[in-house]
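To keep things clear, I will list the structure first and then write my remarks on it.
The values are calculated or read from the model by the stated rules, or taken from the named source; none is laboratory data. Note that the structure is a prediction, hence the values are computed from the model and not measured. Cβ placement follows ideal geometry from the backbone for every residue including glycine, while neighbour counts extend to all protein chains displayed. Protein only, heavy atoms only, side chains kept; ligands, DNA and RNA dropped before computing areas. Shrake-Rupley method; radii C 1.70, N 1.55, O 1.52, S 1.80 Å.
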Amino acid sequence: MAAIIRQERALDEAAAAIGAGRLVAIPTETVYGLAADATVGEAVARIFEAKGRPRFNPLIAHVDGFALAERLANFDPLSRRLAERFWPGPLTLVLPQAPGSPVHPLVTAGLDTIAVRMPKGFAAPLIARLGRPLAAPSANSSGKVSCTTAEAVDADLGARIDLIVDGGRTPVGLESTIVKVEAGRPVLLRPGGVTVEEIEAFLGLPVERSAGSAIQAPGMLASHYAPRAAVRLDASDVGEGEALLAFGPRRIDGSGRAVAVLNLSPAGDLREAAANLFSHLQALDRSGAARIAVEPVPRHGLGEAINDRLARAAAPRDKPDVQD
Ligand code: TXA
Ligand code: MG
């Protein structure tokens, strides 16, 4: 069973555990991460073991500042501008690995690029204390939704890890946006907590959607974030035995017959909806309903990432897909 410690008192114990090659679930501003020392192969291997994640799916290396980031990766001018604007924060940059990077090759799954992110919250002082990058995928078992509370981490992974640091509910609620600059052009590999609109407004450049993102970000294949229940998107009514994931002030037809109803944001606020997405999916899954009907969610701003995660939750389960 995992010990759960409030973040205010957890720094010594978390640093000692990670220093000893163990796994610690930690809060970030996006979702909880399952962290290990990124420079120690055996520690990184434990992440894959605990998640049941395919080995060839690369992990994000988390840093506390530019000094460490530059030991891991080479920054082109556009990536540097993005990092200076959005770090610390929910943006991950895929960059060429720096020669002599201390990161273990298991983290990058043998790619010559590395995903780097500077998170906010407890992770930052923890990395500073260790002086080493942390490899940290979302703290959930492979194929399940990401966790936004320590309790959700405990319910999913508690039997397989020793320590969970409790920082309360993660404020963003969605994973980081992943961007890779190719030939001077920003390419979106995964929509997330920083919106495409924010990036485009800052750079004054369009952000391309990657056609080959399934190859470049192997964790982004279809049936990911899957609850046990089936998921039906853009529902215009509620069927017999269905639970309802609602959005906004107005309900679709038949909402009175839903076996359970949770609203992502009664006011129709996309930021609030993002923060509630994973915990509401988990709660409706626990209601025992065979299927979750989802009301339409607008696609602009954070709605792009919300719809991306919903589409993955609804994807067919029978394919032998890679999941993370
Ligand atoms: O917000 C987040 O990003 C959270 C918190 C814990 O930091 N982490 C997270 O990690 O979502 P994970 O492992 O669940 O997702 C990382 C994604 C995967 O889709 C992986 O394929 C992609 O990053 N990725 C990692 N390295 C890559 C690389 N070199 N090139 C392309 N994609 C990469
Ligand atoms: Mg994940």
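Some observations on this one:
- Once you divide the Cα radius of gyration of the stretch 234-324 by 2.2 N^0.38 Å, the number left is 1.06.
- Normalised per residue, the volume of the convex hull around the Cα set of the stretch 81-209 (Å³): 136
- Gain on full extension, evaluated as 0.36 nm per residue between ALA230 and ARG160 minus their Cα-Cα distance, stands at 22.6 nm.
- Measuring max minus min along each principal axis, the C-alpha atoms of the stretch 144-203 give extents of 45, 21, 17 Å (largest first).
- Summarising the overall dimensions of the stretch 1-92 from its C-alpha atoms, the Rg and Dmax are 14.7, 46 angstrom.
- Once the convex hull of all Cα atoms in the stretch 104-148 is built, its volume per residue stands at 105 Å³.
- Here the label points at ALA290 and ASP269, each 7 Å from Cα along the C-beta direction, are separated by 3.8 nm in the simple model.
- The listed peptides 301-310, 11-20, ordered by packing as a protection proxy, come out as 301-310, 11-20 (highest mean of other Cβ atoms within 10 Å first).
- Accessible surface of the chain, 1.4 Å probe, proportion on carbon and sulfur as whole %: 53
- On the principal axes of its alpha carbon atoms, the stretch 1-49 extends 29, 23, 22 Å, with the longest extent given first.
- In the stretch 1-158, the ratio of gyration radius to Kirkwood radius, Rg to Rh, stands at 0.94 when only Cα atoms are counted.
- Subtracting the Cα-Cα distance of ALA20 and ARG129 from their residue separation scaled by 0.36 nm leaves 37.9 nm.
- Peptide packing for 79-91, 198-210 was compared via the average number of neighbouring C-beta atoms within 10 Å per residue; ordered from the highest value, the list is 79-91, 198-210.
- Sequence-distant contacts, meaning Cα pairs under 8 Å at least 6 residues apart, place the relative contact order of the stretch 23-126 at 36 percent.
- The share of C-alpha pairs in the stretch 49-128 whose separation exceeds 18 Å stands at 41 percent.
- Between ALA311 and LEU111, the C-beta separation translates, for a Förster distance of 25 Å, into a calculated FRET efficiency of about 0.50.
- Against the chain, whose longest principal axis is taken from its Cα atoms, helix 270-286 shows a tilt of about 70°.
- Helix axis angle, 77-86 relative to the chain longest principal axis, alpha carbon, degrees: 60
- Summed residue charge, Cβ within 14 Å of PRO88's Cβ, Lys/Arg positive, Asp/Glu negative: 0
- Geometric extent, Cα atoms of the chain - Rg, Dmax (angstrom): 19.1, 61
- Estimated from helices alone, the mean residue ellipticity of the chain at 222 nm is -8500 deg cm²/dmol (sum of -39500 (n - 2.57) over DSSP H runs with n ≥ 4, per residue).
- Förster-model FRET efficiency, 25 Å R0, ASN74 and ARG185, C-beta, rounded to 0.05: 0.90
- Seen from SER265, the other residues with C-beta closer than 10 Å to its C-beta sum to a net charge of -1, counting Lys and Arg as +1 and Asp and Glu as -1.
- Highest mean packing first, where packing is the average number of other Cβ atoms within 10 Å per residue, the peptides 167-178, 264-275 line up as 167-178, 264-275.
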